[in-house]
1. If you only keep lysine pairs separated by 8 or more in sequence, or across chains, how many in the range 107-165 come under 23 Å at the Cα atoms?
2. First measure r as the distance between the Cβ atoms of Ala176 and Ser137, then evaluate 1/(1 + (r/R0)^6) with R0 = 35 Å and state the FRET efficiency to the nearest 0.05.
3. Count neighbours as other Cβ atoms within 10 Å of each site's Cβ, and list the GluC sites (Glu not before Pro) in the range 77-176 that are DSSP loop with at most 14 such neighbours.
4. How many percent of the accessible area of the range 69-182 is carbon or sulfur, using a 1.4 Å probe?
5. With every protein chain present, what is the per residue accessible area of the range 76-140 (1.4 Å probe, Å²)?
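The values are calculated or read from the model by the stated rules, or taken from the named source; none is laboratory data. Being a predicted model, the structure only gives us computed values, none of them experimental. Here the Cβ positions follow ideal geometry from the backbone for every residue, glycine too, while neighbour counts run over all protein chains shown. Note: accessible area is taken over every heavy atom of the protein model, side chains too, but ligands, DNA and RNA are not part of it. Shrake-Rupley method; radii C 1.70, N 1.55, O 1.52, S 1.80 Å.
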Amino acid sequence: MNRFRLLVVLLFVGCAGNPKTAAEAPEPDSAENETAAGSGSKERAESTSKSETGGAAAEEHHGTSGQSDVQSILQLVIDDEALDPYLHLGQPGRFPLAIAGPDVPQGLELLKATKPVDIVNQSESGKRAVLVFTKVSVTGNRAVVTYRYDVEKIKGTCNLTKNEGRWELTNSRITAHNYTPP
């Protein structure tokens, strides 16, 4: 698996360093196309696009690279070893893992314990075990994710950074809470 990640990083770096390859690659968002054509770097284009359109929300909701980042970030959060003891995936109604939240885009493909994660409506969180992402904030190479898991009465915060094109969970904290869903 690590060899595969290394190969992907090397391919990404190789393509990003080759202006001809970067210019030929199709971009999903026309606003990013215009910026990328002038700079030759998709990362600079995303940075420029974010500053012009409102920061983190621009990265989270514009183009496939923003959704790809959110997908990578949320996958790291649900795979956090600190969260695993609270999920109790062996108990009835907890597997496959269900998630919800206002910043969770539809169409994400996340896995937990070999099964795809269910993305559900936030109103279902009071009726079943749902990991609710209360905030997913991406700014440049940093991300902060907060969540709550009402069935276990916990809330958590994760900080992530992007190094060499790859997101990493830098720290996480889980605490008890007394929130009772409506």
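1. Total qualifying Lys-Lys pairs in the range 107-165 comes to 12.
2. It comes out at approximately 0.90.
3. Glu81, Glu109, Glu164
4. 47
5. That works out to 50 Å² per residue.
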